[in-house]
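Here's the structure we're looking at; comments come further down.
The values are calculated or read from the model by the stated rules, or taken from the named source; none is laboratory data. Here the structure is a predicted model, which means the values were calculated and not measured. Please note: Cβ atoms are built from the backbone with ideal geometry, for glycine as well, and neighbour counts cover all protein chains shown.
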Amino acid sequence: MTHEKTKTRQETDTAAEGPLAPAAEAAGADEVPEAVEEPKGRRARAEPMRTCIVTREVLPRDRLLRFVLDPEGRVVFDIKAALPGRGAWVKPERAVLEEAIRRNLFARAFRRKVTVPPDLADQVRAQLRQAMVQTLSLARKAGVATSGFDRVAAWIDKRRVKVLIEAREGARDGRRKLVARLKRAGIRAEIVDILSSDDLSLAFSRPNVIHAAMQGGGLSKTFLKLARKLAGLEGHSGEDRPARKHQGEQSGR
C-alpha cells in the first residue's frame, strides 16, 4: 500500500467518523490511527482501531461498542457498527459503560448536548443477547450447531466442536463431563455460559435446552464476539453462574 493511498483512505474514513487528534483526543470520538505500511510481499490488512471514550485505550473496533445519535440526539447502540454518522466507542465492560453514562462522556464525544436513555446499559445487553440467539439459530439451520448432551458428546468424539455452550442455570456435573470429554479428545474449545436455557431453547426451537455446541466458521466467530462483549457488560467470569439442577438436565437435552 503506497503512502498516497494510505493517506486517501484515512481522509475518507476521517470525514465519515470525525476529525483526528488533537480535536478528537479531547472529544473522544471515532479515531483512525496512522496506518502502517504493509510489508512487501504480504497482503495482510491492518485491523481498524478505535479509541474508547472512557479508558482512552486503542483497540480493534470488533472489541468495542459503537454508539451513534439518532435524529433527536438520543444515544443509540450500533450493534453492527455500521450506522452512518459520527460514532463514540466504549470498551465492553460494565464499569466502563456506567462511567461513560455517569460522567456524560457521550456529550463530550459528540460535542453537543445528547440524551442518554436511563436504561441504555440494559438495552445494550438485551440487543447483544438477542443477536447471540439469532446467530445460534442461524448456525442450527445451517447444520453447524447442535443441542442435547448426547449430540454434543457425539460431536466432540468426531472432533467437530469449536464452541461449547452451557445454559447458565445448568448443573455443573453435565458441564464437567463434556469438558472432560473435550480434554480427552484433545480439543481446545471456547466455553460460553451466559445464555439461559430459555435463550438456548428459543435458538434451537425445542424446550429445556441445557447443552449446545458449534463448529468453527464465520457464525461461531460472530457468536464469540457477541459473547465476549455481553460477558464483559455483565461482569461475568464464567465461573459464578448458578449451579442448581435444571429440570431439563438429562441426556436428551
* So is Arg74 touching a residue at least 60 places away in the same chain (Cβ under 8 Å) and not acidic (Asp, Glu) or not? -> no
* First in the range 94-119 and in contact (Cβ under 8 Å) with a residue 24 or more places away in the chain and crowded, with 16+ Cβ neighbours inside 10 Å, second anywhere and in a helix (DSSP H, G or I) and aromatic (Phe, Trp, Tyr), Cβ under 7 Å, 6 or more apart -> Ala100/Phe106; Val114/Phe106; Val116/Phe106
* Asked: Given the residues Gln123, Gln130, which is the only one that is polar (S, T, N, Q) and in contact (Cβ under 8 Å) with a residue 12 or more places away in the chain?
  -> Gln123
* Structure fact -> Expected single match for under 25 Å from Ala131 (Cα atoms) and more than 20 Å from the chain's Cα centre (by Cα) among Arg168, Arg160, Arg172 is Arg160
* To do: For the range 140-150, name all the residues that are in contact (Cβ under 8 Å) with a residue 40 or more places away in the chain, part of a helix (DSSP H, G or I) and over 16 Å from Ile191 (Cβ atoms).
  => Arg140, Asp150
* To do: Residue by residue through the range 132-155, note down the ones that are among the β-branched types (Val, Ile, Thr) and over 12 Å from Leu200 (Cβ atoms).
  => Thr135, Val144
* Count, please, the residues in the range 136-167 that happen to be touching a helix residue (DSSP H, G or I) at 6+ places or on another chain (Cβ under 8 Å) and not hydroxyl-bearing (Ser, Thr, Tyr). => 20
* Can you run down the residue pairs with Cβ atoms below 9 Å, 6 or more apart or on separate chains, where the first is in the range 39-56 and in a loop (DSSP other than H, G, I, E, B) and the partner is at pLDDT 90 or above and among the β-branched types (Val, Ile, Thr)? => Ile53/Val90; Val54/Val90; Val54/Val96; Thr55/Val90; Thr55/Val96
* Members of the range 91-132 that are in contact with an Asp or Glu (Cβ under 9 Å, 6 or more places away or on another chain) and not in a helix (DSSP H, G or I) -> Lys91, Thr115
* Asked: Of all residues in the range 60-90, which are of a type in the set (Lys, Arg) and either under 16 Å from Leu230 (Cα atoms) or in contact with a Cys (Cβ under 7 Å, 6 or more places away or on another chain) (or both)?
  -> Arg61, Arg63, Arg66, Lys80
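For every residue, the table says whether it meets (1) under 21 Å from Gly218 (Cα atoms); (2) aromatic (Phe, Trp, Tyr); (3) modelled with pLDDT of 95 or more; (4) out of contact with any Lys or Arg (no Cβ under 7 Å at 6 or more places or on another chain).
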position	(1), (2), (3), (4)
Thr135	yes, no, yes, yes
Leu138	yes, no, yes, yes
Lys141	yes, no, yes, yes
Val152	yes, no, yes, yes
Asp157	no, no, yes, yes
Glu169	no, no, no, no
Leu195	yes, no, yes, no
Asp199	yes, no, yes, no
